[in-house]
Structures are given as structure tokens and as C-alpha cells.
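The values are calculated or read from the model by the stated rules, or taken from the named source; none is laboratory data. None of the values given here were measured: they were computed from a predicted structure. Quick reminder, even Gly has a Cβ in these numbers, built from the backbone with ideal geometry, and neighbours come from all protein chains shown. SASA here: full protein model, heavy atoms, side chains in, ligands and nucleic acids out. Shrake-Rupley method; radii C 1.70, N 1.55, O 1.52, S 1.80 Å.
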Amino acid sequence: MLSPDAIAAYRRTGYHFPLDILTAEEAAAARARLEATEAAQGGPLKAAMRHKPHLLFPWLDELIRHPRILDAVSDLLGPDLFCWSTTFFIKEAGDRGFVSWHQDATYWGLSAPDVTTLWLALTPASRVNGCMKFVAGTHRAQVGHQDTFHPDNLLTRGQELAVTVDERDAVLVELAPGQASLHHVLLFHGSEPNRSDDRRIGLAIRYIPTALRQVAGARDSATLVRGQDRFGHFEHEPAPRAELDPDALALHAAITARQQAVLYRGTDKAGFRD
Ligand code: NI
């Protein structure tokens, strides 16, 4: 799926985009499915459901196994893959929500930085509506972070790099609906508020090789999406049988509580914020 040049560019810069994953029609259909759920629930998807929604919605369980996605991620991480997590990053029209410059690896507790995020756009992602921005070549080392808990920050702790980023170094990750970017778990990235009159919707899908371990908390879980697990470091998550099925809701609640304990360790915060 990825050309040798694309793989070399990812190793050098820490990212690669755009990748064509869904057609415009498929992306619009995915957005419509999300928005049908939101309409039934009376408002935007709740914070708890934005985390690991593939455990609740069969169409997302299917999406994290999309052959074009797995072919690209396998080119970077090898043949045996878990989906460790998914998160909807939704910014409403005119939303002040932003993401400070950060490195994903900081609080995830995974044993090695062999983690790739595929960020799939279900709407356009542009300069105006707050697309992601990257700084090339920053994926080589972990740097310090400070927690701000800023109310408009979309990250769990409002964490930000303790070093200053020159905004002139930022690469804007502009994507059409159905396109995706790939980024390394140590890459500096962030995003601005949505200054447009429509929502900006993206699904971040985090992939790891089955060899990784959770080293910061209780036993972790993941969804095997390709190849084999010869290690047994993660509990295997089942696919949901039906949308918001009661068994899936109970399992999702238990799993997200355990992940929150890792993500918020050392703070007095209890969980995801709406
Ligand atoms: Ni991030």
C-alpha cells in the first residue's frame, strides 16, 4: 500500500499523508451513521463514547479492519497488529476546542514507541476548521510535558510540550473526506479551533504490533485486527454484536475505566470530560 518513498518519508519525518481510504460517498455515509446515533441520543456523542467507539458500533469495528488501512499500517509495523484504541475528535462549528502541541506517547504507558495513528477524516480537515498540524522529524525522542487542564483543550489533561514550537515549522494536515494521515506516537502535533460553519469530524485509530506491553497500569486490552498474537500481553476485545448492545456497553465501560486510570494517573481527575 505504501511506496518505498512513503515509508522512507515516514521514518524520516514521523508522518505520511494523504492516504486515500474511503470514497467521498463512503465518508459521507460514515458521518451519517455517526449523526444518526447522535440524533437518537439528543446531541453530540458523549465524551465516554468518543473513546474506543469501535467496541460499541459494528460499523467502526469494520472500519478499523479496512484492508487499505491495515495494508498501510502493516507496511510500518509488520504483519501482527492490534488496534489499541480509537477516538473521535469532533469539533463543532465555531468550537473553541483545540489540541495543544503534544506527543501521544507521554501518558499511554506502552512499552515501545512502535505506535502509529491513522487519522481518518469524515469531513474535510482544513486550516479553517482546525486540521492537525505536525512538526517534521520530532519523533526521535520523548520530551517533557506539563498538564494545563485548559477547559477548551480536547486532550485528557490539556497536556502540552514543555518546549516552545515555532508555528512556522508546522505542516498543516489538510485532508478531504475519506482521506487519512499516519503519524508516529512521538511526533509533535496539535490543532487549532474550528472557525468554520460546519463540524470537523475525524477518527483517530491507534495501531500497535502485538509484541508491545502496557507498563503503566493494570492489564490492558486491544482488538486483534490482522495476523497473530504470539505474546498474550493484551486481553483480546470482542467485536460488538449490535450497535450499543448491552454486553458491549458493559465491556466498554470496564475497559475505558481501566484506560482512564492509566491516562489520568497522578492527577485528581476521574475521567473523560464532555
Ligand atoms: Ni495526539
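Listed by position, the strands (runs of 3 or more DSSP E) inside the stretch 1-120 whose residues that are closer than 21 Å to Thr156 by Cβ and open to solvent by less than 60 Å² (accessible area, probe 1.4 Å) number at least 2 are 81-91, 99-102.
Among the listed residues Ser111, Ser85, Ser74, which satisfies the condition of being in contact (Cβ under 8 Å) with a residue 60 or more places away in the chain, within 13 Å of the ligand (Cβ to nearest atom), under 15 Å from His184 (Cα atoms) and not aromatic (Phe, Trp, Tyr)?
Values: Ser111 fails: within 13 Å of the ligand (Cβ to nearest atom); Ser74 fails: within 13 Å of the ligand (Cβ to nearest atom).
Of the residues listed, the single one that is in contact (Cβ under 8 Å) with a residue 60 or more places away in the chain, within 13 Å of the ligand (Cβ to nearest atom), under 15 Å from His184 (Cα atoms) and not aromatic (Phe, Trp, Tyr) is Ser85.
Look at (1) away from the ligand (no atom under 16 Å from the Cβ); (2) within 13 Å of the chain's Cα centre (by Cα); (3) modelled with pLDDT under 95 and you find that His54 fails only one, number (3). Cβ-Cβ distances below 7 Å connect the following pairs, each with a first residue in the stretch 169-194 that is of a type in the set (Asp, Glu), a second residue that is away from the ligand (no atom under 11 Å from the Cβ) and open to solvent by 10 Å² or more (accessible area, probe 1.4 Å), and a separation of six or more residues or different chains: Asp169/Val135; Glu174/Ser126; Glu174/Arg127; Glu192/Phe98.
Among the candidates Ala8, Ala72, single out the residue that is under 26 Å from Pro240 (Cβ atoms) and hydrophobic (A, V, I, L, M, F, W, C).
Numbers: Ala8 fails: under 26 Å from Pro240 (Cβ atoms).
Result: Ala72 is the single residue among Ala8, Ala72 that is under 26 Å from Pro240 (Cβ atoms) and hydrophobic (A, V, I, L, M, F, W, C).
Considering the stretch 183-201, and only residues there that are away from the ligand (no atom under 15 Å from the Cβ) and open to solvent by 10 Å² or more (accessible area, probe 1.4 Å), the residue that is nearest to Val135 (Cα to Cα) turns out to be Pro193.
Counting only residues that are of a type in the set (Lys, Arg) and under 19 Å from His184 (Cα atoms), which one in the stretch 202-259 is most open to solvent (accessible area, probe 1.4 Å)? Before the answer, list the steps.
Pass one, the stretch 202-259, residues of a type in the set (Lys, Arg): 206, 213, 219, 226, 230, 241, 258.
Still in the running and under 19 Å from His184 (Cα atoms): 206, 213.
On the way: Arg206: 17, Arg213: 124 Å².
Restricting to residues being of a type in the set (Lys, Arg) and under 19 Å from His184 (Cα atoms), the top hit is Arg213.
Please determine whether any residue of the stretch 129-138 is within 14 Å of the ligand (Cβ to nearest atom), touching a Pro at 6+ places or on another chain (Cβ under 6 Å) and not in a loop (DSSP other than H, G, I, E, B). No: the stretch 129-138 contains no residue that is within 14 Å of the ligand (Cβ to nearest atom), touching a Pro at 6+ places or on another chain (Cβ under 6 Å) and not in a loop (DSSP other than H, G, I, E, B). A single member of Ala180, Ala125 is over 25 Å from Leu212 (Cβ atoms), within 16 Å of the ligand (Cβ to nearest atom) and open to solvent by less than 30 Å² (accessible area, probe 1.4 Å), and it is Ala125.
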